[in-house]
Each structure stands twice: as structure tokens, then as C-alpha cells.
Amino acid sequence: MAHQRGGTLNRTGGADLHLHSTHSDGTLEPTRLVELCAGQGLEALSLTDHDTVSGVEEAREAGRRLGIRVISGVELSAEFRGHEIHLLGYGFDPRDPALLSALERYRGERARRAERIVARLNALGVPLKLEQVSTMAGARALGRPHLADALLRGGMVSSFQEAFEKYLNPGRPAFVSRSRFSLEEAREVMDGAGGVLVLAHPHLNLSSANIRLLLEAGIDGLEAVHPLLKPSQRRELETLASGRGLPATGGSDCHGPGRGPVRLGSLRVPLETVDRIDAGRGSIGSGARASGRQP
Ligand code: AMP
Ligand code: FE
Ligand code: FE
Ligand code: ZN
């Protein structure tokens, strides 16, 4: 929908189903994100932090207060045919014990990886201390952006981007990989928690052929609207999803100020997509799913 308001074109309504907060590598608290979404006229959102659901309850509370629908969300790092992929979980029970324990395990891995990255940096002569990193991330999902921030704050690089280009990107000397969900484990955990599993920003990680193979392996939806997807890729993904009766999701993947362009409000999917996710819990995807548990 687009409405004329005060002479400027304002997009209103719809949902942003891909947002990161300070609970992982974003810079805004969940409440602030929900307020910004409400200010942009969005009707629904999902907070999809990396490997944690600790911000979901706060987002829901803010959503209730501001009259905006909030569905539970998370972004899992997973592996498919040797490629890192990101899977968005939606509509699950955020208190599910098996989900919480799997996420805790991967957050532990993230913390240990941060230690290894710091050790590599030190060996390269970069005097970063672990305390400079972990005090900022607290018990939250620690990622390379936290290391990039610490390097910048310590004056060891001149920009956030330089930290990635010089040290943290794959192939750079301080890069350390970490273990990730297998597709099967992600499937099992999300089924158990009563949610759906959507492939995030598909073409960023997979070829078109591998996207099709992943669909055959069993996935409940495709993220078709994302700032880094081209219009032709979006069309391909929307066609693939609709041909299989699956929802095409999307959002801004906003990480907040200091993390690249703040696109919150500029990328939306119809509210109907949220209804389709809700309707699909426990029934779409591979067809071998248990009937959905209602949180
Ligand atoms: P991690 O999950 O710790 O591997 O860190 C991945 C996160 O770092 C992504 O979700 C992005 O938010 C961010 N990121 C990855 N690559 C870059 C890059 N080249 N420049 C800036 N941010 C990046
Ligand atoms: Fe991120
Ligand atoms: Fe991602
Ligand atoms: Zn993301």
C-alpha cells in the first residue's frame, strides 16, 4: 500500500520480518526497534536475532503497548552442502527447552570463537583484549561485529568495515569459523518448538540450483525481500515459493545505526504473509511434520 500524506509518498502497513537488536549484533534495544517500526506504520514485525530469542519477550511487550503484531523469530546459522546458510525461525514457542538449550550451545561456541579470534589478532600484533569485547556483548550472542566494534573503539582500525576487510572476513588472518546447525537439527528443533523454517537471503549463500535442492530437502518458506537481493532474484524466489504453496517472507535485516544503512521501514511484505506463517506452523514444508504445538 502507498498513501499520499502531506505531499510525500509514505508506505504504510505490512510487516518487517528480519530485524536484529542488541541481543545479538544489532545496536538498538528491542523496544526501540518496535517503536521505530510503529513509527514507520508497520503492522507486524519479527525480531530475528542471531542464535538467541532473549529479546523476543521484550519485543512482544512493546508490540502490545504500541498495537503492532510481533511474531517470535530467530536467525540460525546452519550448513547445507558445505555452504553457510541462514535460517529464519518464526512462530515458535520462545520458552521451548530444546530450542533454548540448542541456542545456548551455539552461543557458547560463539564466545569460544571470539577468544580464538582475539588470540589470532594478538599473534598479528593487534593488542585487543577479550574484556574489551565481552563487556559490550554481555551474555548475548557474540558475533564478529562485536569484535569489529572493539577494534574500532580501541583505535586498531579506522572503520567498522576495515575490521572485516583487514581481519574478520573469511580468508582474512583473524577469521575463525564456528560449528553450525545442520539442516536436520534446525528442522528438528524448530518442529519441536512449533515454528516454521525459512531460508534467509537465499542467493547470498546458495546458487539457484542449491536453493532448489534445499526446497526439496524441506523448508517452509523463502525470504524473497531483502536489501541485498536483486529484483530478478526476488522474482525468482517469489515464483519458487508460490509454485510450492510456500510463503515468501522478507524484511530490512536492519542492525541499527553504526551497522550500515538503516533500512527499517523501506522493505516490507504484506501482513497476509504473517497470517500464512501462522497458518503454516506444523503443516507446511517437508510434509513430514508433527502437527503444530500452540505456544
Ligand atoms: P558472525 O555471526 O559472528 O559470523 O558474524 C556475522 C555478522 O557479521 C552478520 O550477520 C553481519 O551482521 C556481519 N557481517 C558479516 N560480514 C560483514 C562485512 N563484510 N561487513 C560488515 N558486517 C559484516
Ligand atoms: Fe548480523
Ligand atoms: Fe543473515
Ligand atoms: Zn539477519
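None of the figures in this text is laboratory data; all of them are computed from the coordinates on show. As the structure is a computational prediction, the values presented were derived from the model and not from experiment. Virtual Cβ from ideal backbone geometry, glycine too; neighbours counted across all protein chains shown.
Placing +1 on the Cβ of every Lys and Arg and -1 on the Cβ of every Asp and Glu, with nothing else charged, gives the range 109-209 a dipole about its Cα centre of roughly 360 debye. With a simple spin-label model that places each label point 7 Å from the Cα along the Cα-to-Cβ direction, the separation between E57 and R153 comes to 2.6 nm.
What whole-number volume per residue, in cubic angstrom, does the convex hull of the C-alpha atoms of the range 198-262 give? Don't skip to the answer; put the middle values down first.
Working: hull volume 5.1 nm³, N = 65.
Convex hull of Cα atoms, per residue: 79 Å³.
For L130 and E35, a Förster radius of 30 Å and the Cβ-Cβ distance give a FRET efficiency of 0.35, rounded to the nearest 0.05. The residues packed around P173, meaning those with a beta-carbon under 9 Å from its beta-carbon, carry a net charge of +3 if Lys and Arg are +1 and Asp and Glu are -1. P(r) for the range 103-168, from all Cα pairs and a bin width of 5 Å, is 3, 20, 31, 27, 13, 5, 1 %, short bins first. For an R0 of 25 angstrom, estimate the FRET efficiency from the Cβ-Cβ distance between F160 and R263 and round to the nearest 0.05. Taking R0 as 25 Å, the efficiency between F160 and R263 is 0.90.
Roughly how big is the range 37-175's charge dipole about its Cα centre, with Cβ charges of +1 (Lys, Arg) and -1 (Asp, Glu), in debye to the nearest 20? Please list the in-between numbers first.
Numbers: 19 positive and 18 negative charges, 72 e Å.
Charge dipole of the range 37-175: 340 debye, to the nearest 20.
Net charge near D49: determine it from the other residues with C-beta under 10 Å of the C-beta of D49, scoring Lys and Arg +1 and Asp and Glu -1.
Values: positive: R140; negative: D25, D51, E75.
Result for the local shell: -2.
Would you order T27, T239 from fewest to most other beta-carbon atoms within 10 Å of each residue's own beta-carbon? All intermediate terms of the calculation are to be shown ahead of the outcome.
On the way: T27 17, T239 13.
Placing the least packed residue first, the sequence is T239, T27.
Sort Y106, Y167, Y90 so that the residue with the fewest other Cβ atoms within 10 Å of its own Cβ comes first and the one with the most comes last. Ranking Y106, Y167, Y90 by Cβ neighbours within 10 Å, fewest first, gives Y106, Y167, Y90.
Where the alpha-carbon atoms of the range 12-137 are placed on the principal axes, they occupy 51, 31, 26 Å, in descending order. On full extension, the segment bounded by E104 and E79 gains 7.2 nm, given 0.36 nm per residue less the C-alpha separation. Here the range 150-295 is described by how far its Cα atoms reach on the three principal axes: 53, 34, 33 Å, from widest to narrowest.
With both partners inside the chain, how many of the DSSP beta bridges are antiparallel, as a percent to the nearest 5?
55
Could you please tell me the mean projected area of the C-alpha convex hull for the chain, averaged over all directions and given in square nanometres to one decimal? Can you show the working numbers first?
Values: hull surface 61.9 nm².
Reported value for the Cα convex hull: 15.5 nm².
Run the helix sum for the chain: -39,500 (n - 2.57) per DSSP H stretch of 4+ residues, divided by residue count, reported at 222 nm to the nearest 500 deg cm²/dmol. Per the formula, -12000 deg cm²/dmol. Residue order for S21, S159, S177, fewest other beta carbons within 10 angstrom first, comes to S177, S159, S21.
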